[in-house]
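Please read the structure below before turning to the comments.
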Amino acid sequence: MTNKNSNWDLSPAPESTGHISLNDHYGVFIDGEFRTPAHGNRFQSINPSTGELLAEITESSAEDVDQAVAAARKAFSGEWSKIGGRERGKYLYRLARMLQEKSREFAVIESLDGGKPIRESRDVDVPLAAAHLFYYAGWADKISYAFPNRNPKPVGVAGQIIPWNFPLLMAAWKIAPALATGNTVVLKPAETTSLTALKLAELIQEAGFPPGVVNIVTGHGDVGAAIVNHDDVDKVAFTGSTEVGKLIQKSIAGTNKRCTLELGGKAANIVFDDAAIDQAVEGIVNGIYFNQGHVCCAGSRLFVQESIHDELIAKLKHRMGTLIVGDPMDKNTDVGAINSREQLATIEHYIEVGKQEGAEFYQTDCELPQQGFWCRPTLFTDVAQSNRIAQEEIFGPVLAVQTFRTVAEVIKKANNTPYGLSAGVWTDKGSKIFNMTSQMKAGVVWANTYNLFDPASPFGGYKESGFGREGGLHGLSAYLEI
Amino acid sequence: MNQRQSAHVFSSPAIDQVGVVERAKRFTARSIKNEAKMKGLEMVLSMIDLTTLEGMDTEGKVKQLCYKAQHLHDSIEGLPNVAAVCVYPNFVGLAKRVLAGSDIKVASVATAFPSGNSSLEIKLADVAMAVSEGADEIDMVISRGRFHHGDYNFVFDEIAAVKAACGSARLKTILETGELGSLDKVRLASDIAIAAGADFIKTSTGKIQPAATMPVTLVMLEAIRDHFQKTGLMVGMKPAGGISKAKLALHYLIMVKETLGNDWLDPKWFRFGASSLANDVLMQIAKQQTGAYQAANYFAVD
């Protein structure tokens, strides 16, 4: 019989991991083959939710990078730049389809390696990665229509460095437009999350891409630096921190390397008193707790019109209480593990800063697993524009809430940041949306939604959030001499 | 329950349809396994208002329905009964007699169901008849025509009058959301019904398509939550029509749990208006117990 007022808790619903195939160790992917460099330097890739070892990854040397760039150059001068857009498109379509076929394996590995909930890697990361490949496959034989009367030409060898928050998706964002436009690439995944890029290399091999079109070298920051500084790299594409982005800018100054940077953010998510409040709460949660807040466009600064502040915060706390935090492999998990020990330390540091600054601190009281790296969904209210937690990127599930009175005030405060990647506006009034979107200094402005991505839509920043756009027609031009 | 105020100006929060649909979809991504599934299925059974509302209803049909309500599937032990049977007013007396001694409620539709197009006097007489025959619950319909005309005070007053006529019977107010046209109107009608004294708000008569959907139900649950947060008073919810599969019913329960909390996971506060849902739930329970699906013919169709 049913108990009245029963606590109806969900039983564990773990995604099985038995079907995936992972090697004990991985070499680097150069010229169409996996190579085990003679130096034998490796580091460990662990599961951040348990601390268990997943595989050993090669710490590439400058010589490995040299070989990768040479292979990319050979492929660019050889077959790849001559086979034509239609053939390049076929390869990309094939890769996209193969990724879809293996989507379950990729989703599981992405969650094991990065700590993100399987629901997200299954429903967001992997499908979006495939969508990007499909989208740019479609452009491959239509480049001349995209830039009429310009005779666009590929740039050459692209050096691409991607972050750990969306490992496979960022690889697809980088590789798809580069290959569609006829370039070849040397890609370096982040050191904590190399596995899905290496699995993608296996697919590229299986799809029969000409050797050297895609090369993947693994390792830490100095490997990235070796790619950036390599004489034979024509274009650098980087997604990551603003700090590293500035270093890259400095190091390529005086060269003729082209560059696009997609860097940090501290996005304003603005809720007006006429907004659909329950849906706004949903968007706030999706804006900051999606992927544990490891999102460069996360809506980490919430601006609430003062007249609805208390009601909205009460609703937000209620919704936060329904978030399930824990095992990323459980299909019901909403918030997974923090990606690394280092990142957890950064987040905890900022939480301390927030408390010391006098902001009101709130966390849900959910239980956390014993092993691994975890942070409860966190909320700071009574935050001021002068607080560090409102100024600096935390890259974790920490939301800083400020109030405002007028449209003019909130525009001024929202733009009062060195960043400008994204923003959100919540109002039932169309005219207000158009007013806001034209005045926000942000590359992406979402209206009545948040963290919604589409391969056809360009993505990129203002100010210290970087320059250049990825996605859409804009994403092609970064890889073309027009 | 008369602590509620009669609002003379009705204003409800804006509803963003795209956001509601997205949120509703998210509940369906919950994976309900093992003990949670079994407990959920039993909860669904205990929340069903087993319904027959046909022009060709007969004494025989109503008797059979009442028997089914008490004996869902006797070959499985320990199953709960449904919450109520729901019939037209002229069958209330019969249903009460057949169900005497059980804790199953008798609900009756009233107020010129399903259109609601009649005078207040006739609607109140309809309610009075059902109540005098012993109805525990009255399922009224709101005047959708007057609602669309903008006569919100009329709609409010009518609900309040029906509530008064119910006496101790609990009032479920059917909004007939399939005729309201937008989620903003669903929210407004929910707020009016709650303010006027409804003990339950209910989506549909079952005579109009679409009947209950998850987005519509979510908007109504949010109205109930907002009212509870402001007043501390609970209001019940009954989606009706279109829920015939156990899996969908479980997703509704997830939605109730995450929107209102565990207190609402109780037949006193949440019901399914359905005629064919019970058998699919029974089939799933049998499957959980035996490991195999049984043919539909093993489950009684009353």
Normalised contact order of the range A:268-447, rounded percent, pairs of Cα under 8 Å and 6 or more residues apart: 29 percent
Among the listed pairs B:LYS61/B:LYS105; B:LYS39/B:LYS230; A:LYS116/A:LYS413, those beyond 29 Å (Cα-Cα): B:LYS39/B:LYS230; A:LYS116/A:LYS413
Inter-label distance for A:LEU473 and A:ARG35, nm, one decimal - labels placed 7 Å from Cα along Cα-to-Cβ: 4.1 nm
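So how much slack lies between A:PHE361 and A:PHE147, counting 0.36 nm per residue of separation and subtracting their Cα-Cα distance, in nm? All intermediate terms of the calculation are to be shown ahead of the outcome.
Values: separation 214, 0.36 × 214 = 77.04 nm, distance 5.16 nm.
Going from the current span to full extension adds 71.9 nm.
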In order through the range A:395-405: 3J(HN,Hα) via Karplus (6.51 cos²θ - 1.76 cosθ + 1.60), integer Hz, x for Gly, Pro: 6, x, x, 10, 10, 10, 10, 10, 10, 8, 10
Amide proton proximity set for A:GLY156, modelled H, under 5 Å, gap of 5+: A:THR184
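What FRET efficiency comes out for the pair B:THR231/A:ALA345, r = Cβ-Cβ distance, R0 = 30 Å, nearest 0.05? If you can, show how the numbers build up before the last one.
Numbers: r = 45 Å, r/R0 = 1.51.
About 0.10, to the nearest 0.05.
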Ranking of B:MET56, B:MET234 by count of other Cβ atoms within 10 Å, fewest first: B:MET56, B:MET234
Those GluC sites (Glu not before Pro) in the range A:1-106 that DSSP places in a loop and that have at most 16 other beta carbons within 10 Å: A:GLU52
Whole-Hz couplings from phi, Karplus 6.51/-1.76/1.60, listed for the range A:222-239; x for Gly and Pro: 5, 5, x, 4, 4, 5, 4, 8, 5, 4, 9, 8, 8, 8, 10, 10, 10, 10
Sequence of B:THR290, A:THR449 once ranked by neighbouring C-beta atoms within 10 Å, starting from the fewest: B:THR290, A:THR449
Karplus-derived 3J(HN,Hα), 6.51/-1.76/1.60, for each residue of the range B:88-100, Hz, glycine and proline x: 6, x, 6, 9, 4, x, 4, 4, 4, 5, 5, 8, 3
Residues of type aspartates and glutamates that B:LYS207 reaches as a straight line, Cα spacing below 17 Å, ignoring anything fewer than 8 places off in the same chain: B:ASP49, B:GLU54, B:ASP57, B:ASP139, B:GLU176, B:GLU179
Average beta carbon contacts from partner chains per residue of B:18-29, 10 Å cutoff: 4
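Rounded, prolate or oblate: which fits the protein assembly as shown, taking a ≥ b ≥ c as square roots of the Cα gyration tensor eigenvalues, rounded meaning a/c under 1.5, else prolate when a/b beats b/c? Working shown, then result.
Working: a/c = 2.41, a/b = 1.91, b/c = 1.26.
Note, shape of the protein assembly as shown comes out prolate.
By counting other Cβ atoms within 10 Å of each Cβ, how are B:MET47, B:MET129 ranked from fewest to most?
On the way: B:MET47 28, B:MET129 16.
Ascending Cβ contact count within 10 Å gives the list B:MET129, B:MET47.
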Mean separation of Cα contacts under 8 Å (6+ apart) over length of the range B:33-291, as relative contact order %: 19 percent
A:ASP454-A:THR322 pseudo-label distance in nm [points 7 Å out on the Cα-to-Cβ vector]: 2.7 nm
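Please label the shape of the range A:1-89 as rounded, prolate or oblate, based on the square roots a ≥ b ≥ c of the eigenvalues of the alpha-carbon gyration tensor (a/c under 1.5 means rounded; beyond that, a/b larger than b/c means prolate, else oblate). Present the calculation step by step, with values, prior to reporting the outcome.
On the way: a/c = 4.53, a/b = 2.00, b/c = 2.27.
It is oblate, given that a/c is not under 1.5 and a/b is not larger than b/c.
From the square roots a ≥ b ≥ c of the eigenvalues of the alpha-carbon gyration tensor of chain B, which class results: rounded (a/c under 1.5), prolate (a/b over b/c), or oblate? Provide the component values of the computation, followed by the final result.
Details: a/c = 1.91, a/b = 1.22, b/c = 1.56.
Since a/c reaches 1.5 but b/c is at least a/b, the shape of chain B is classed as oblate.
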Hits among lysines - C-alpha to C-alpha of A:LYS74 under 29 Å, sequence gap 8 or more where chains match: A:LYS82, A:LYS90, A:LYS142, A:LYS153, A:LYS174, A:LYS188, A:LYS199, A:LYS235, A:LYS250, A:LYS257
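Would you mind calculating the gained length between B:TYR67 and B:ASP103 on full extension (0.36 nm times residue separation, minus the Cα-Cα distance), in nm to one decimal?
On the way: separation 36, 0.36 × 36 = 12.96 nm, distance 1.30 nm.
Between B:TYR67 and B:ASP103, full extension yields 11.7 nm more.
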Rough spin-label spacing in nm, given labels placed 7 Å along Cα→Cβ, for A:GLN249 and B:ALA128: 8.2 nm
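Between B:LYS25 and A:LYS82, what FRET efficiency follows from the Cβ-Cβ distance if R0 is 60 Å, with the result rounded to 0.05?
Working: r = 46 Å, r/R0 = 0.77.
Calculated value: 0.80.
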Max mean-square fluctuation residue, GNM over chain B, Cα-Cα springs under 10 Å, options B:ARG144, B:ARG97, B:ARG170: B:ARG97
For A:LEU187, distant residues with modelled amide H under 5 Å away: A:GLN160, A:ASN215, A:ILE216, A:VAL217
For A:VAL304, residues with placed amide H under 5 Å, excluding near neighbours: A:VAL271, A:GLN402, A:THR403, A:PHE404
Set of aspartates and glutamates near A:LYS432 by C-alpha distance (under 15 Å), chain-local residues within fewer than 8 positions excluded: A:ASP273, A:ASP274, A:GLU409
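Read-outs throughout are calculated quantities, based only on the coordinates presented, and are distinct from any laboratory measurement. Note that the coordinates shown come from a computational prediction; the quantities given were computed from them, not determined experimentally. Neighbour counts are summed over all protein chains in view; Cβ atoms, including those assigned to glycine, are modelled from backbone coordinates with ideal geometry.
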